[in-house]
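Below is one structure, written out as structure tokens; the observations come after it.
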Amino acid sequence: MADSVADAAPRNPWKHATVVGIRPETPRAKTLRLRFDQPVEHMAGQYFVVRLTAPDGYTAQRSYSCASAPDGSDELELTIELLEGGEVSTYLHDVVEPGDELEVRGPIGGWFVWNGEHPALMIGGGSGVVPLMAMLRHARNLGRSDLVRLLVSVRSPADLYYSDELPGPETTVVYTRENPPGVQRAPGRLGAGDLPDPLDEDTTIYVCGSPDFADTATDLLIASGVAAERIRVERFGPTGT
């Protein structure tokens, strides 16, 4: 992530949050809705750390992006992808139930954030859409959908997070392996032709996904004439297990 977990302490103490809802997004992703004792102030694009503690004192912690718009609520949503061998993601998928308490720290990150005031293009691959969804929700809540464009790349319709909510005039979905009915674009990887044209010079671009996806998207943007300083990249890797 943009900031290390160590950088978050001591300003972000651990808090207890109650799981008040669990919603499947895809066969390998679930959204946990957490409730805190007091309102949580965060920005669209930030993340939180979840810590698990075993009876013998062993701890494991992982970072998860927040999908919720910053609305001053005492609840927020973290979307968790189940990864092979991921001790934290496996526990959150297979064991946690509504009513359970989790230790959470955050919000963390001040660079990969959108304040809702300036034009933004968001490009996400797979689970990389999570912090971008927070930005899209924020824009819609503000009534400023005109400020954002969201481009999402997924393998198939079954792999699309937030499939009931994400579609809209601000969003485009690129399917790399299997299209839903009615989509004219042939399945394939993200290409230069998928990028919005033109890109205003005052638009900030947010790219989020696996390292390979992030590098590919960044290369496409630069090849299209976008200055590197306008691109903010968040790479998801093994530490997100």
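Listed here are the residues, each with its yes/no results for (1) outside any loop (DSSP other than H, G, I, E, B); (2) among the polar types (S, T, N, Q); (3) out of contact with any Lys or Arg (no Cβ under 9 Å at 6 or more places or on another chain).
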| position | (1), (2), (3) |
| --- | --- |
| S163 | no, yes, yes |
| P180 | no, no, yes |
| A186 | no, no, yes |
| P196 | no, no, no |
| D200 | no, no, yes |
| V207 | yes, no, no |
| I222 | yes, no, yes |
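For the range 144-162, does any single residue satisfy the condition of being of a type in the set (S, T, Y), closer than 29 Å to G193 by Cβ, without any contact (Cβ under 8 Å) to a residue 40 or more places away in the chain and touching a Gly at 6+ places or on another chain (Cβ under 9 Å)? Within the range 144-162 (the criterion being of a type in the set (S, T, Y), closer than 29 Å to G193 by Cβ, without any contact (Cβ under 8 Å) to a residue 40 or more places away in the chain and touching a Gly at 6+ places or on another chain (Cβ under 9 Å)), the answer is yes, since at least one residue qualifies. Restricting V49, V104 to those that are of a type in the set (V, I, T) and more than 23 Å from G126 (Cα to Cα) reduces the list to V104.
Restricting to the range 67-101, name every residue that is part of a loop (DSSP other than H, G, I, E, B), surrounded by 11 or more Cβ atoms within 10 Å (Cβ to Cβ) and of a type in the set (D, E, K, R).
Once the filter is applied, which keeps residues that are part of a loop (DSSP other than H, G, I, E, B), surrounded by 11 or more Cβ atoms within 10 Å (Cβ to Cβ) and of a type in the set (D, E, K, R), the range 67-101 yields D71, D74, D100.
Okay, residues lined up against (1) within 15 Å of the chain's Cα centre (by Cα); (2) more than 26 Å from H16 (Cβ to Cβ):
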residue	(1), (2)
P98	no, no
L102	no, no
G128	yes, yes
L142	no, yes
L151	yes, yes
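Within the range 17-52, restricting attention to residues that are at pLDDT 95 or above and among the β-branched types (V, I, T), the residue that is nearest to V113 (Cα to Cα) is V49. If you go through the range 54-96 and pick out every residue that is aromatic (F, W, Y) and within 19 Å of R23 (Cα to Cα), you end up with 2.
Out of A54, A60, report the one residue that is touching a helix residue (DSSP H, G or I) at 6+ places or on another chain (Cβ under 7 Å) and more than 20 Å from E234 (Cβ to Cβ).
Only one candidate qualifies: A60.
Scanning the range 197-219 for residues that are under 21 Å from the mean Cα position of the chain (by Cα) and in contact (Cβ under 8 Å) with a residue 24 or more places away in the chain yields a count of 13.
Residues in the range 145-155 that are touching an Asp or Glu at 6+ places or on another chain (Cβ under 9 Å) and either within 20 Å of I80 (Cβ to Cβ) or surrounded by 15 or more Cβ atoms within 10 Å (Cβ to Cβ) (or both): S145, L147, V148, R149, L150, L151, S153, R155.
The residue of the range 65-77 that is nearest to W114 (Cα to Cα), among those that are touching a residue at least 40 places away in the same chain (Cβ under 8 Å) and in contact with an Asp or Glu (Cβ under 9 Å, 6 or more places away or on another chain), is P70.
Right, G124: part of a loop (DSSP other than H, G, I, E, B) and touching a residue at least 60 places away in the same chain (Cβ under 8 Å) or not?
no
Scanning the range 157-192 for residues that are among the polar types (S, T, N, Q) and either more than 17 Å from S127 (Cα to Cα) or under 18 Å from the mean Cα position of the chain (by Cα) (or both) returns S163, T171, T172, N179, Q184.
E170 satisfies every condition listed in (1) of a type in the set (D, E); (2) in contact with a Leu (Cβ under 8 Å, 6 or more places away or on another chain); (3) exposed (fewer than 11 other Cβ atoms within 10 Å of the Cβ) except (3).
The values are calculated or read from the model by the stated rules, or taken from the named source; none is laboratory data. Keep in mind that what you see is a predicted model, and the values were worked out from it rather than measured. Note that each Cβ is placed from the backbone with ideal geometry, even for glycine, and that neighbours are counted across all protein chains shown.
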